[in-house]
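The values are calculated or read from the model by the stated rules, or taken from the named source; none is laboratory data. No experiment lies behind these values; they were computed from the predicted model shown. Every residue, glycine as well, gets a Cβ built from its backbone with ideal geometry; the counts of neighbours run over all protein chains shown.
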Amino acid sequence: MIAKLKSMRRSRRVLVLSLGIVFIGLIGYYIADPTSIAQLESNRASYDGRFVTIRGTVRAHVQRTSRIGNPYSTFFLCDDRCVRIFTFGYPNIANGDTKIIFGRYSVVRRVGYARFYNEIEGYFL
């Protein structure tokens, strides 16, 4: 019985380690090939719902709190063009900073009764 438990624990560790390696590999793939904002805007339908990595300059950074008390920030990330970024929390950024963002792009994102167009729910790298 004890040998079987040890074997199951070992199998679980191998599975978790394997999934971690795959996840890190996928993140590396997305980081290695940033998408330009112009590419994103010209092929909106093909990027809808997909994870993208973009690089640009922060503009119009605003920190807010939702009605239920969750902190969030919105801003535009710009190169020649701009895309709107939404992120939970209050990141340590300022207008004019150059940042790399990884997140899911949505042509239309519905939150309750509100609709947000051409937005990335992003995470900082």
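Can you tell me which residue within segment 29-45, out of those that are assigned to a helix (DSSP H, G or I) and exposed (fewer than 10 other Cβ atoms within 10 Å of the Cβ), is modelled with the lowest pLDDT? Walk me through it before giving the result.
Applying the first criterion (assigned to a helix (DSSP H, G or I)) to segment 29-45 yields 29-32, 37-42, 44-45.
Cutting the leftovers down to exposed (fewer than 10 other Cβ atoms within 10 Å of the Cβ) gives us 32, 45.
Working: Ala32: 56, Ala45: 88.
My answer is Ala32.
Is there any pair linking a residue in segment 99-125 that is more than 16 Å from Val52 (Cα to Cα) to one that is among the aromatic types (Phe, Trp, Tyr) and at pLDDT 85 or above, with Cβ under 8 Å and at least six apart or on different chains, and which?
Short answer, once both residue conditions are applied: Phe116/Phe86.
Mind listing whichever residues of segment 67-110 are of a type in the set (Gly, Ala, Ser), surrounded by 13 or more Cβ atoms within 10 Å (Cβ to Cβ) and out of contact with any Ser or Thr (no Cβ under 9 Å at 6 or more places or on another chain)?
Residue satisfying the conditions is Ser106 alone.
Looking only at segment 56-112, count how many residues are closer than 22 Å to Ala45 by Cα, in a loop (DSSP other than H, G, I, E, B) and touching a Lys or Arg at 6+ places or on another chain (Cβ under 8 Å).
1
Hey, can you tell me all the residues within segment 46-55 that are assigned to a helix (DSSP H, G or I) and surrounded by 14 or more Cβ atoms within 10 Å (Cβ to Cβ)? Reasoning before the result, please.
Going through segment 46-55, the residues assigned to a helix (DSSP H, G or I) turn out to be 46-47.
The one that is assigned to a helix (DSSP H, G or I) and surrounded by 14 or more Cβ atoms within 10 Å (Cβ to Cβ): Tyr47.
So, of the residues in segment 111-120 that are out of contact with any Gly (no Cβ under 7 Å at 6 or more places or on another chain) and under 22 Å from Thr57 (Cβ atoms), which turns out to be surrounded by the fewest Cβ atoms within 10 Å (Cβ to Cβ)?
Restricting to residues being out of contact with any Gly (no Cβ under 7 Å at 6 or more places or on another chain) and under 22 Å from Thr57 (Cβ atoms), the top hit is Tyr117.
Of the residues in segment 65-97, how many are among the small types (Gly, Ala, Ser) and touching a residue at least 12 places away in the same chain (Cβ under 8 Å)?
Here the count works out to 4.
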